[in-house]
């Protein structure tokens, strides 16, 4: 019989992870699958960058919001 144990752990220095469970039989074997969340790429563009704030098309995020609001309003007219 296969038992599944799901835990969230913190990755330690050197990529080490550790888990303990009284449900695991001493001397038994276990298959381990690690699903690690990817760190956000700090060099990737933000949504506001794509809307032109970095190129001075909009002076602020408020101007972007106002533009989007006006566009949505025009669809309903």
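The values are calculated or read from the model by the stated rules, or taken from the named source; none is laboratory data. None of these values were measured; they are calculated from a predicted model. Reconstructed Cβ throughout: ideal geometry from the backbone, glycine too, with neighbour counts over all protein chains shown.
Here are the numbers for the structure shown:
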{"read-out": "Tabulated pairs, segment 1-28, first surrounded by fewer than 10 Cβ atoms within 10 Å (Cβ to Cβ), second outside any loop (DSSP other than H, G, I, E, B) and at pLDDT 90 or above, C-beta under 9 angstrom, 6+ apart or interchain", "value": "18/12"}
{"read-out": "Residue in segment 58-73 that is surrounded by 10 or more Cβ atoms within 10 Å (Cβ to Cβ), in a loop (DSSP other than H, G, I, E, B) and either at pLDDT below 90 or in contact with a strand residue (DSSP E or B) (Cβ under 7 Å, 6 or more places away or on another chain) (or both) present", "value": "yes"}
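Yes or no, residue by residue, for (1) at pLDDT 90 or above; (2) over 30 Å from residue 69 (Cβ atoms):
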| site | (1), (2) |
| --- | --- |
| 15 | yes, yes |
| 20 | yes, yes |
| 23 | no, yes |
| 27 | yes, yes |
| 34 | yes, yes |
| 45 | no, no |
| 50 | no, no |
